[in-house]
Amino acid sequence: MSEEVRMPASPEYHRPRSLEEAWRLLEAQPDARLVAGGTDVLVRLREGRYHPPALVSLRRVESLRRIEPGRAWTIGAGVSVAELLEHRELAAVFPVLVEAGRRLGSAQIRSAATVGGNLCNASPCADLAPPLLVLEARALIASAAGEREVPLSEFFLGPRRTALGPGELLSALRVEAPPAGARATFLKQGRVRMDIALASVAVRLELEGARCVEARVAAGSLAPTPTRLGEVEASLAGTELDEATLARARAAAEREVRPITDVRASADYRRHLAGALVVRAVRALTRPEAR
Amino acid sequence: MRDTTWIGRDLPRPDAADKVAGRAAYIHDLSRPGMLWGKVKFSEHASARIVHIDTSRARRLPGVRAVITGDDTPEIRIGFLRDNVALKRGRVRQQRDEIAAVAAIDPDVAAEAIELIRVEYEPLPAVFDPEQALHPDAPLVHDRDASGRPVTSNLLPVSVRHVSGDLAAGERAARYVAEGEFSTPLIQQSCLGTAGCIAEFDLRGNLTLWAKTQIPFLAQRDFVKALEAMGLEGRNARVIVPALGGAFGTGLDTHCYEYIAMLLAHRTGRPVKMLYTREEEFAFLSPRQSARTRIVQGCDAEGRLTFRRIDVLQDNGAYTSWGATYPTVMLIPATSLYKVANVWFDARIVYTNNTYAQAMRGYGNPEVTWPIERTLDDLARQAGIDPLELRLRNVNEPGETTPMGLEVTTCGLRECFDFAREKLDWAKKRGQQRGARRGVGVAALVHVGGSGRIYRSDGGGVILKLDDFGNVNVSYGGVEMGQGLHAALTSAVAEALGVTPERVHVNPTDTATCPWDVGTHASRGAFIACNAAIRAAAKARTKLFALAAELFAPEVARNLEAHQRRNPGYEPPNFDVGAACAAGRFQLASGVVTLEGAPAEPWLRLELARLLRAGHFRGVAGQMIVEEAFYEPPSTLPDWSEGVGNMSACYAYGVQGFEVEVDDETGEVTILHAVSAHDVGRVLHPQALRGQVQGGLAQGIGYALYEEVRTHEGRVLNPSFTDYKIPTAHELAFPVDVHFVETDDPAGPFGAKGVGEPGLVPTAPALASAIEDAVGVRIADLPMTQEKIVRALREQRAPRGS
């Protein structure tokens, strides 16, 4: 018999119970892929996008699943989106996270998908990214060597690329509770309700009376990464958010985003949506009942 | 209408409990001892010469039991024009052409083996646009037909035309004319259950195929031909249909994967299962045909239609399915939706290197109803007549013979419009809500209601087998695919025979045990099955009453003795049982035989089961009650070159209406309210019927707003539900007023018409009309996506030329 063709081995599957155990596994197999909810990793595995020698599941690592209130809240990367939505205290402080979490996938997906997974997947359309960007969340990055913290805005480097180095993982997010005058909202447009965002926008405004003292605007699916829209923010800050301002904000959004054309939508439509959603979000936040 | 006991009642669906509990066995659940898994290697080019296929590495993979190609297997020709072969030789004509296949011990090994097959191609010119395919210089998708004769054009030799009246006179009589070009996209049938089969040979060379099919008997014929091609003349192909998770037209043809499973099973001597993943289903199963339509129609000053001209161009893809007969059904709305005297219809079907298409629910009807209904709105605007009123001025009526020769026995279209008008609050809302970006719209449909004859037999048979316990086992050759056929058939058998529904058991569909049926298409399942069942039940009753004539008197005499033992001193009323039996005055209802006019004494009734046992256990005269009836509907096979013929025994009508709100920033359409009114002849099983109507509505909404198989050079770009969007509960969260008009058709079983397809036929034009009413935009090409609506709104706002 001639050369026998070998079947590729299925990846090994590890379920560490602690980060220390996870570090050891990663040291032994640096090409192993971390998996939490699996809602992105398994799809890409099935599509044959990568063939890791091992999968390291983080589901049993309890320390990743904490939610700790405080002036700055700590939200573990392993918290599922469903758990995030069910946390009443958190929902009261960060209603914008609830708005975004509710639009993420289906109930089944939300039960499995994690906050950290949504961010580490580094898709431009990650639903939790725009609200966390306007909340100016910080990413806690852990490795065997210790912990470091980077602003979430510096976490996304490109499509599927993050600031995580070899042997590092996202352990939690730190999010400061917003001041009393601040309010935020998240808007997402899909082809149908349950869809990957064609465009999404989170807007956070701090108002003093009718005057906007600070504006933070972030967008999803409108650039290679989830991103803050500085020009839009500048167009809103220091104004009374009148119609002329909104027109300028719309134009700024259409100018500032860098969308692509794909099978879901054209760049042109996404650009239009960027402006429309920014204006709509500001209007929603300044309606009398929102105050 | 006849008084009935079970018809029209909401009985539990016989298939419901098993399906809800996960017990129903779909092809995905089935396994056979020693079974292997088959998988196909598909082409990576839309048009190419196959230079070389290297299967050596796949063959060496442990667990692989067979690798086959077109070069080492018999040629099996398939398809409506027999222009397709199960495994391609030398040439591929579409991205999904089957080049090789493997059988392996499990699906993973099979998938791995497929990856190891290397194919060398020499790309050839290709054509993807049906208009361009008609150009004289276009590359020929096929340069020879199935019998080897050279061909010179990509035009299919399938012509359906119709010319009636005097088109020029109709044009002269028109005061207003509306015209336009419209299109409908390639869409996926999106069955919950993906495609698959198991092929197994016995040692004598007979085949059993568990198939996801709607045409068990035409499939049997196709498979027997394939056995001949494999050198197995005189052997049988038995087709068994498992539970189906939807079919919607995908089961109207046999498929290459089924023949490949046969070849692999024959090569290995083992049962072979093929199962498409969702992605494979999207990329490698035939979607619904796309169509481009050019329409002109006109009306006089009063809004009465004077002429209609429709030209259809249909993209066939690389091979020909039964979907090539779409134009036969397009003729129905083209000639017979509303009264119109002078009609021209022509359809051209063109080969391209796109994925070959097949039929889907509605079968050409929505493709043509779309332009007809859209241009009616245009005529109404020109004539200054309310669009619903304009439709009523042309409404179809009973007694009419249409230009195609359709004989309208019953027609409840006017009542359907009346219902929609009232429920939509039409007079107050049409044209009145532009400020709120809200609008209402309606559209109508006509479809075959008494099957549709496109084959020389349009019949179907039913066998009723009664057993010693009073059970009635029903065998019918059509298929339950989720539509509620078995529910309707159960009610009809119980009603017609005179038993309770729980005694009726519909058998799985199997060509070995069921009588012939042409297939479950053309909304014909319940219409044919129930008509055949009524006839079989009448024969069974005749036999049962003949038995009763002999056995009723002695049996009730025993009843009387027992009754008297329990009730000493009981004196029976003065009733001559013998004379009544001799007169044959029997009744059978709810499984009990009685005598007409007899006193209501408990002993004077005979359980059907006892009568059956008495008939069975009587020595040499012993007898079984097994009755069959074959029902062939009173219709004619049209002459397609003339486009004339009464192809159905009756016709179904309906109206759908919507109220929508359109977001003029995002283009999102929110449906606030829907109305779906249908002339169903008679309601057989309300729950199953509502399911059909609401399911059709949901599918129609997908067709109208969201769905499109996107391709680039014949390759499917969105082969998953991630990027092929169908409506979900959120998009369908609006009230629906469903209404049934019962016109009691003389050909229908208990008066019923077929209703499987109508639910999606007028959906898109009704929604389009409501969208236009809301924000003034008109979109000619389905689906009406948010993006298209936004673009149209911008064009509306921008001055021309800017």
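The values are calculated or read from the model by the stated rules, or taken from the named source; none is laboratory data. Here the structure is a predicted model, which means the values were calculated and not measured. Quick reminder, even Gly has a Cβ in these numbers, built from the backbone with ideal geometry, and neighbours come from all protein chains shown. Only protein heavy atoms, including side chains, enter the accessible area calculation; ligands, DNA and RNA are left aside. Shrake-Rupley method; radii C 1.70, N 1.55, O 1.52, S 1.80 Å.
Of all residues in region A:136-162, those satisfying the criterion of being part of a loop (DSSP other than H, G, I, E, B), touching a residue at least 24 places away in the same chain (Cβ under 8 Å) and open to solvent by 10 Å² or more (accessible area, probe 1.4 Å) are A:E136, A:A144, A:P159, A:R160. Among helices (runs of 4 or more DSSP H) entirely within region B:56-136, having at least 2 residues that are more than 14 Å from every other protein chain (Cβ to nearest Cβ) singles out B:130-133.
If you check A:G275 against the conditions, is it without any contact (Cβ under 8 Å) to a residue 40 or more places away in the chain and under 21 Å from A:P179 (Cβ atoms)? Here the answer is no, as A:G275 does not meet what is asked.
To keep it simple, each residue is scored yes or no on (1) open to solvent by 10 Å² or more (accessible area, probe 1.4 Å); (2) at pLDDT 95 or above; (3) outside any helix (DSSP H, G or I); (4) in contact with a Phe, Trp or Tyr (Cβ under 7 Å, 6 or more places away or on another chain).
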position: A:L55; (1), (2), (3), (4): yes, yes, yes, yes
position: A:R60; (1), (2), (3), (4): yes, yes, yes, no
position: A:S63; (1), (2), (3), (4): yes, yes, no, no
position: A:I75; (1), (2), (3), (4): no, yes, yes, no
position: A:G78; (1), (2), (3), (4): yes, yes, yes, no
position: A:E83; (1), (2), (3), (4): yes, yes, no, no
position: A:E89; (1), (2), (3), (4): yes, yes, no, no
position: A:A92; (1), (2), (3), (4): yes, yes, no, no
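Contact map, region B:779-795: first residue within 12 Å of chain A (Cβ to nearest Cβ), second residue among the hydroxyl-bearing types (S, T, Y) and surrounded by fewer than 19 Cβ atoms within 10 Å (Cβ to Cβ), Cβ cut-off under 7 Å, separation 6 or more or different chains; pairs are B:E787/A:S266.
Given B:L560, B:L551, B:L588, B:L611, which one is assigned to a helix (DSSP H, G or I) and under 17 Å from B:K465 (Cα atoms)? Every option except B:L611 fails the conditions. When each of B:R797, B:R778 is tested for being at pLDDT below 95 and either in contact with an Asp or Glu (Cβ under 9 Å, 6 or more places away or on another chain) or over 20 Å from B:A444 (Cβ atoms) (or both), the lone residue that passes is B:R797. Selection of first residues in region A:176-192 that are more than 9 Å from chain B (Cβ to nearest Cβ) and of second residues that are part of a strand (DSSP E or B) and surrounded by fewer than 15 Cβ atoms within 10 Å (Cβ to Cβ), restricted to Cβ pairs under 6 Å at least 6 apart or on distinct chains, gives the following pairs, ordered by first then second residue: A:E176/A:A72.
Yes/no per residue for (1) assigned by TED's automatic domain parsing to the domain that holds A:D262; (2) within 17 Å of A:I67 (Cα to Cα); (3) not hydrophobic (A, V, I, L, M, F, W, C):
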| residue | (1), (2), (3) |
| --- | --- |
| A:A92 | no, yes, no |
| A:A100 | no, no, no |
| A:L104 | no, no, no |
| A:V115 | no, yes, no |
| A:A122 | no, no, no |
| A:A126 | no, no, no |
| A:R138 | no, yes, yes |
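Flag: B:P157 matches the condition of being modelled with pLDDT under 95 and surrounded by fewer than 19 Cβ atoms within 10 Å (Cβ to Cβ). Looking at B:P398, B:P371, B:P403, B:P387, which one is at negative phi, in contact (Cβ under 8 Å) with a residue 24 or more places away in the chain and open to solvent by less than 10 Å² (accessible area, probe 1.4 Å)? Every option except B:P371 fails the conditions. Quick check: anything in region A:43-56 in contact with a helix residue (DSSP H, G or I) (Cβ under 7 Å, 6 or more places away or on another chain) and over 23 Å from A:D195 (Cβ atoms)? Yes - at least one qualifying residue is present in region A:43-56. Within region B:206-223, does at least one residue satisfy the condition of being more than 26 Å from the chain's Cα centre (by Cα) and under 27 Å from B:D97 (Cβ atoms)? Checked region B:206-223: at least one residue is more than 26 Å from the chain's Cα centre (by Cα) and under 27 Å from B:D97 (Cβ atoms). Taking region A:228-286 as the range and being open to solvent by less than 10 Å² (accessible area, probe 1.4 Å), small (G, A, S) and not in a helix (DSSP H, G or I) as the test, only A:A265 passes. The set of residues in region B:663-686 that are surrounded by fewer than 24 Cβ atoms within 10 Å (Cβ to Cβ) and not in a loop (DSSP other than H, G, I, E, B) comprises B:T670, B:I671, B:L672, B:H673, B:P686. Taking region A:219-233 as the range and being of a type in the set (A, V, I, L, M) and touching a strand residue (DSSP E or B) at 6+ places or on another chain (Cβ under 8 Å) as the test, the residues that pass are A:A219, A:L222, A:L229, A:V232. Checked against (1) part of a loop (DSSP other than H, G, I, E, B); (2) at pLDDT 95 or above, A:G165 passes all but a single condition, namely (2).
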